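*Asks:* This is the structure, below, for whatever I ask next.
The values are calculated or read from the model by the stated rules, or taken from the named source; none is laboratory data. Note that the coordinates shown come from a computational prediction; the quantities given were computed from them, not determined experimentally. Cβ placement follows ideal geometry from the backbone for every residue including glycine, while neighbour counts extend to all protein chains displayed.
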Amino acid sequence: MIPHNLVYYRPSSLEEAVAAYREADEAGLDTFYYGGGTEILTFARRGNLKPGAVIDIKHIPECMALREEGGRCLFGAGLPLNAVIEGGSFPLLSRAAVIVDHTVRNRLSLGGNIAGRLPYRETVLPFLLADAEARLVGPDGERGVPLREVFDRRLKLESGELLISLSVPRAITETPWFYRRRVRKTRLDYPVLTACFVKVEGQIRAATTAAFGFPVWSPRFDDVLNDGAIPVSERPARAIDAAGLRIADNARASAAYRRALLESAIGEALDALL
Amino acid sequence: MPDVSGSEYRYLGRSIPRKDGPDKVSGKLRYADDVHPPGCLHAALLTSPHAHAKILSIDGTAAGAAPGVRAVVTGQDFPILLGLYLGDTPPLARGKVRHFGEPVAAVIADTPYQARAALDLVRVEYEQLPVVHSPREALASDAPIIHEAMASYVHIPPIHPEPESNVANRTRIRKGDVDAALAEADVVVSLDFDFPPGDHVAMEPRAAIAEIRADGTVVIRSSTQAPFVVRALMSTFFGIPIGKIVIEGPPIGGGFGGKAGIQLEGLAYLLSRSVGGRPVRLVNSREDDLVASPGHIGLQATVKLGATRDGKLVAADLLYLFDSGGYADYAVNMSRAGAIAAPGPYNVPNIRTDSLCVYTNHPFATAYRGFGHEVFYPVERAMDELAAELGMDPVVLRARNAIRPGDLSPTQSVMDPNTGDLARCLERAAEMIGWEDGSRIDLGGGRVRARGISAFWKAPAMPTNTDAGVVLTFNEDGSANLSSGIIEIGQGTYTGVAQIVAERFGMSPDMVHVSPEIQTHRAPHDWATAASRSLFMVGRAALAAADDAIDQIKRTASAPLRCSVEELAVADGRVYVRDDPDHGLALRDVVLGYVYPDGNAIGGQVIGRGNYIARGLTDIDAYTGEGHPALEWTIGAQAVEVEVDLRDGSYEVLKAVCAMDVGEVINPALARAQVVGGMAMSLGFSTTEGYVFDRRGRVENAVLRDFKIPRYGEHPVYDVDFVRTPQGDGPYGARGLGEQGVLGIPGAFANAVSRAIGRPVNRLPITPERIWSTLHEDTEGGEP
């Protein structure tokens, strides 16, 4: 139960969505675009979030796109994770999107996982590694930008802006990859470590989340992984140090354990991909 | 599971579908909160963000003025204390809060969301107090006293509170001379253990709907396992004549002991009284159910076992510190029941147990499928350490010490000929888990597979005069209606009892209709649907009622059939002459009275009455624990197989098995489901569950987002087998089995992990990180 009233919008075009946002915003309502609503519902019922208006993006065709065009694979932000998984065109993404349980994934949207409040944002990791372009729409119209330019720990959107879709070059989806996810105990829990690795043109790229508390892709980290002057066995520890970030330490896992898990994941990824 | 007893019985031993199944799987069953009386108001609770704090002030003015709000009440409005065995609990916190999540105020409004929204407007000022984080801390000489007024609390005689301390109850077992036996023992092991409190996480949050009718009758519909306990306590605490209280008990969506006491009913009644007796719905949110209502007890323990070189146990020296949390609830009796059962189904000549129920500033505890039987986990771990010291197979060590008829129980009661066969259970559990293949296998690459075993027993922990009753009435088609005082809590007893009656009548269980809800003013008296005693006791009462009905049927039929009562038999929906079966009458022509062709009627309707009351039970002595508190012990053995990755501690539970001596199996599929459900629940708190507290004693994982329980699809293979030493006084030789599947799993699982990693793991839950950190501790022995 959400113990207060809110305004519900169901636009069927991007223009309507932006107009709805403007209308709600001008009415002074705290307004959210959403796909599945799993986070909004669970936070709002406990009073941790009090949305004044919600805009359902599931009926906007661009937000539900799942196709290949112009040598790129396109994923609408409104797609439920199960659609992304079953779409299957990006194997690392299909793997990384297997979070929570099947029933929740029927609702939980790709855009919600990336742009929501929870800090893990696991499905962004494959996109960060795959030269993704983010398609956005807002009061000033549509734009396409490299994901890495608008993602730093979280998606940096302008006020009223909506993530429409993400696309990646087809070629990168076919590169070798390594995936590791560790939880406190049950796989339905949030991760204490998720790490994705790909090898593109001979170079290993890594992205992690949960280890540092949020999604991290770091050139310094990747430089160490690919540095032939450093013995392979030393690269995991050196790469973590090079990231220069504090490792998360909370009830789900201690920093020491997360570091051990991350070192082990990097070591195995190097074994698999080098 | 194959049907087993088919040759001997017609309807027992068959896995007939459960009677409550169709309504449950189709969503049509009406649980407590599926009823909306006309004019019903809705309550919501404001809970404490602190674990221990003085309440300086509560201002409900703004909330009271909010839309739809009818009343805002606080602890000051209800100067009364409630409790099951020990009256220590205000309906709403008064003066101070004793645990995170304790309700401090309630709002009653026209709609649920108006009530919830108004909670935000209630202003509470607190002054934080020092927090007691564990039973060991609570016993320190300088520990803050959580219940300053304990000396004034009313309590039942078997409970022994210690005012001016945090000890709510202390139970002593003194059997033999432990010090002398330990001094002479060849091998002694001593270990410390602990695990945190947690929650049952029943699918249905607790609910109570209360109203006061114009004639003063108080009607409360509640998700309760114990409507008669609630009724009696409501009468005691509120001075309402007991006959003017009606508790309605619909089927409940998971109880596990968490709904066996008085819960929301007292508060719901007070809330209704605050609004002139109008019906008030008080339904826990999931979060309130997790921390405002009671959960799974925590435990700290020190266990010392002594044995001879050839593996005979000579002494058990046991200290159990149960973490009751802020209030006593059932915990004061759980610490007692745990002491009665410890150290488990072993013949130990010398036992010294001190079992304390200790207040802390944790959410409070109540029964959790079992009743203080958390005591086995430390003992079973210690048994494996003992086996290692002795160089003995853990299965052999346990079998060598198995309790047998003629042995003395921990309370020095003689084990009777009904005593189950632990040695056989151990043998079966070992076979099912594949023990002969070696209990630890190195799979290479850092992966190890290992197995662990454990034993358990449990008798109902209940008042010595616990009773049950059954009334059978009949319909025009000859079918029977069965009314008893037990609640359908998912355990399937309605189906089992129908099978028992059907067997006696020789008619299909489809012809025995069981009332799906009970009302205390209509149903025969009963204690509670708890303690794994329902099928046993209500089964006995049902047999008596069936025999009574059959006698009446024969008496009526003997006239038109022109024979003596003794010459008649009842089966297949008929009453007939035993040696001339064609000569008889259909039951439908007898059960509502027989009518002769000329219209004359005789006999009247058949009303079968049956009761049962526990036989020969006594309380235990306050200083030695001597007594006979146990009606029947259900004994068994369990084993668990795990595969552990030694590199990072991640693991899978591959298989869990249980061999239990249940006497007769009434319904194999339901019996198996009970045992498997228990094992699954137990693996939950063994592997992952339990509250996580911050430094101020606040629960960090008080939402299901963070309090993770295993789901379908995450479970191991389960295997269950039953050993059949008849329980002479049980219905058709059956004994209870609803809770026992829980009891041995923590020990068996911890033993498997400990064997896999070569180090003892004596704390729960055993997460991958705990395994990893145990492996990376420098000191031998490690935890805790």
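*Asks:* Kindly list the number of the only condition in (1) modelled with pLDDT of 95 or more; (2) polar (S, T, N, Q); (3) more than 30 Å from B:LEU585 (Cα to Cα) that fails for B:SER439.
*Replies:* Failed condition: (1).
*Asks:* So which of A:ARG259, A:ARG205, A:ARG180 is within 14 Å of another protein chain (Cβ to nearest Cβ), crowded, with 17+ Cβ neighbours inside 10 Å and either in contact with a strand residue (DSSP E or B) (Cβ under 7 Å, 6 or more places away or on another chain) or closer than 21 Å to A:VAL124 by Cβ (or both)?
*Replies:* Just one listed residue meets the conditions, A:ARG180.
So that you can scan it fast, the table gives a plain yes or no per residue for (1) in a helix (DSSP H, G or I); (2) surrounded by 21 or more Cβ atoms within 10 Å (Cβ to Cβ); (3) not assigned by TED's automatic domain parsing to the domain that holds B:GLU626:
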site: B:VAL348; (1), (2), (3): no, yes, no
site: B:ILE351; (1), (2), (3): no, yes, no
site: B:PHE376; (1), (2), (3): yes, yes, no
site: B:VAL379; (1), (2), (3): yes, yes, no
site: B:ASP384; (1), (2), (3): yes, yes, no
site: B:ALA399; (1), (2), (3): yes, no, no
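*Asks:* Another question, if that's okay. Only one of (1) away from every other protein chain (no Cβ under 14 Å); (2) at positive phi; (3) touching a residue at least 24 places away in the same chain (Cβ under 8 Å); (4) out of contact with any helix residue (DSSP H, G or I) (no Cβ under 6 Å at 6 or more places or on another chain) is not met by A:GLY141, so which one is it?
*Replies:* (3)
*Asks:* Would you mind finding the one in A:LEU245, A:LEU193 that is surrounded by fewer than 17 Cβ atoms within 10 Å (Cβ to Cβ), within 28 Å of B:THR767 (Cβ to Cβ) and touching a residue at least 12 places away in the same chain (Cβ under 8 Å)?
*Replies:* Unique residue meeting the criteria: A:LEU245.
*Asks:* Might you let me know whether region B:746-756 holds any residue that is farther than 30 Å from B:ALA528 by Cα, more than 14 Å from every other protein chain (Cβ to nearest Cβ) and in a loop (DSSP other than H, G, I, E, B)?
*Replies:* Checked against the condition, which is being farther than 30 Å from B:ALA528 by Cα, more than 14 Å from every other protein chain (Cβ to nearest Cβ) and in a loop (DSSP other than H, G, I, E, B), region B:746-756 yields no hits at all.
*Asks:* Further question on the same structure: Would you check if there is a residue in region B:713-722 being touching a helix residue (DSSP H, G or I) at 6+ places or on another chain (Cβ under 9 Å) and either basic (Lys, Arg) or surrounded by 22 or more Cβ atoms within 10 Å (Cβ to Cβ) (or both)?
*Replies:* Checking region B:713-722: at least one residue is touching a helix residue (DSSP H, G or I) at 6+ places or on another chain (Cβ under 9 Å) and either basic (Lys, Arg) or surrounded by 22 or more Cβ atoms within 10 Å (Cβ to Cβ) (or both).
*Asks:* Can you tell me which of (1) within 14 Å of chain A (Cβ to nearest Cβ); (2) surrounded by fewer than 18 Cβ atoms within 10 Å (Cβ to Cβ); (3) in contact with a strand residue (DSSP E or B) (Cβ under 9 Å, 6 or more places away or on another chain) is the one B:PHE707 doesn't meet?
*Replies:* (2)
*Asks:* List every residue pair whose Cβ atoms sit under 7 Å apart, with the two residues 6 or more apart in sequence or on different chains, where the first one lies in region B:624-652 and is within 14 Å of chain A (Cβ to nearest Cβ) and the second, anywhere, is assigned to a loop (DSSP other than H, G, I, E, B).
*Replies:* Between residues of region B:624-652 that are within 14 Å of chain A (Cβ to nearest Cβ) and residues that are assigned to a loop (DSSP other than H, G, I, E, B), the close pairs are B:ASP645/B:GLY446; B:LEU646/B:GLY446; B:ARG647/B:GLY446.
*Asks:* Does at least one position in region B:17-32 carry a residue that is within 14 Å of another protein chain (Cβ to nearest Cβ) and either within 26 Å of the chain's Cα centre (by Cα) or of a type in the set (D, E, K, R) (or both)?
*Replies:* no
*Asks:* Answer yes or no: is there a residue in region B:674-688 that is within 14 Å of chain A (Cβ to nearest Cβ) and touching a Leu at 6+ places or on another chain (Cβ under 8 Å).
*Replies:* yes
*Asks:* Another question about this same structure. Scan region B:405-415 residue by residue and report those that are more than 15 Å from B:LYS458 (Cα to Cα) and part of a loop (DSSP other than H, G, I, E, B).
*Replies:* B:PRO405, B:GLY406, B:ASP407, B:GLN412
*Asks:* Quickly run through region B:667-687 and pick out the residues that are hydroxyl-bearing (Ser, Thr, Tyr) and touching a helix residue (DSSP H, G or I) at 6+ places or on another chain (Cβ under 6 Å).
*Replies:* Of everything in region B:667-687, those that are hydroxyl-bearing (Ser, Thr, Tyr) and touching a helix residue (DSSP H, G or I) at 6+ places or on another chain (Cβ under 6 Å) turn out to be B:SER682, B:SER686.
*Asks:* Does region B:243-253 contain at least one residue that is outside the structural domain of B:THR366 (by TED's automatic domain parsing), assigned to a helix (DSSP H, G or I), touching a residue at least 24 places away in the same chain (Cβ under 8 Å) and not basic (Lys, Arg)?
*Replies:* Yes, region B:243-253 contains a residue that is outside the structural domain of B:THR366 (by TED's automatic domain parsing), assigned to a helix (DSSP H, G or I), touching a residue at least 24 places away in the same chain (Cβ under 8 Å) and not basic (Lys, Arg).
*Asks:* Which strands (runs of 3 or more DSSP E) sit wholly inside region B:420-479 and have at least 1 residues that are touching a helix residue (DSSP H, G or I) at 6+ places or on another chain (Cβ under 9 Å) and among the basic types (Lys, Arg)?
*Replies:* Counting at least 1 such residues, we get B:440-444, B:447-458.
*Asks:* Mind checking which residues of region B:467-500 are in contact with an Asp or Glu (Cβ under 9 Å, 6 or more places away or on another chain) and among the β-branched types (Val, Ile, Thr)?
*Replies:* The answer is B:ILE486, B:ILE487, B:THR495.
*Asks:* If you go through region B:125-133 one residue at a time, do you hit one that is surrounded by 22 or more Cβ atoms within 10 Å (Cβ to Cβ), touching a residue at least 24 places away in the same chain (Cβ under 8 Å) and not charged (D, E, K, R)?
*Replies:* The answer is yes, given that some residue of region B:125-133 is surrounded by 22 or more Cβ atoms within 10 Å (Cβ to Cβ), touching a residue at least 24 places away in the same chain (Cβ under 8 Å) and not charged (D, E, K, R).
*Asks:* Does B:HIS147 qualify as being within 16 Å of B:TYR327 (Cβ to Cβ) and part of a loop (DSSP other than H, G, I, E, B)?
*Replies:* yes
Listed here are the residues, each with its yes/no results for (1) among the small types (Gly, Ala, Ser); (2) more than 19 Å from the chain's Cα centre (by Cα); (3) farther than 30 Å from B:ALA544 by Cβ; (4) not assigned by TED's automatic domain parsing to the domain that holds B:ALA544.
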site	(1), (2), (3), (4)
B:PRO410	no, yes, yes, yes
B:ASP416	no, yes, no, yes
B:CYS425	no, yes, yes, yes
B:GLU431	no, yes, yes, yes
B:LEU443	no, yes, yes, yes
B:SER483	yes, yes, no, no
B:SER508	yes, yes, no, no
B:VAL514	no, yes, no, no
B:TRP527	no, no, no, no
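*Asks:* Oh, and also: All but one of (1) in a loop (DSSP other than H, G, I, E, B); (2) surrounded by fewer than 24 Cβ atoms within 10 Å (Cβ to Cβ); (3) touching a Gly at 6+ places or on another chain (Cβ under 7 Å) hold for B:VAL314, so report the exception by its number.
*Replies:* Condition not satisfied by B:VAL314: (1).
*Asks:* Does region A:219-228 contain any residue that is within 26 Å of A:LEU118 (Cβ to Cβ), surrounded by 21 or more Cβ atoms within 10 Å (Cβ to Cβ) and in contact (Cβ under 8 Å) with a residue 60 or more places away in the chain?
*Replies:* Checking region A:219-228: not a single residue is within 26 Å of A:LEU118 (Cβ to Cβ), surrounded by 21 or more Cβ atoms within 10 Å (Cβ to Cβ) and in contact (Cβ under 8 Å) with a residue 60 or more places away in the chain.
*Asks:* Scanning region A:39-57 for residues that are surrounded by 19 or more Cβ atoms within 10 Å (Cβ to Cβ) and in a loop (DSSP other than H, G, I, E, B), which turns out farthest from the other protein chains (Cβ to nearest Cβ)?
*Replies:* Looking at the filtered set, the residue picked out is A:ILE57.
*Asks:* Determine which single condition A:LEU157 fails, assuming it passes every other condition in (1) surrounded by fewer than 17 Cβ atoms within 10 Å (Cβ to Cβ); (2) farther than 30 Å from B:ARG770 by Cα; (3) outside the structural domain of A:LEU92 (by TED's automatic domain parsing).
*Replies:* The number of the failed condition is (3).
*Asks:* Assess whether A:ARG107 counts as being assigned to a loop (DSSP other than H, G, I, E, B) and modelled with pLDDT under 95.
*Replies:* No.
*Asks:* Can you spot a residue in region A:20-38 that is within 14 Å of chain B (Cβ to nearest Cβ), closer than 27 Å to B:LEU119 by Cα, under 17 Å from the mean Cα position of the chain (by Cα) and in a helix (DSSP H, G or I)?
*Replies:* yes
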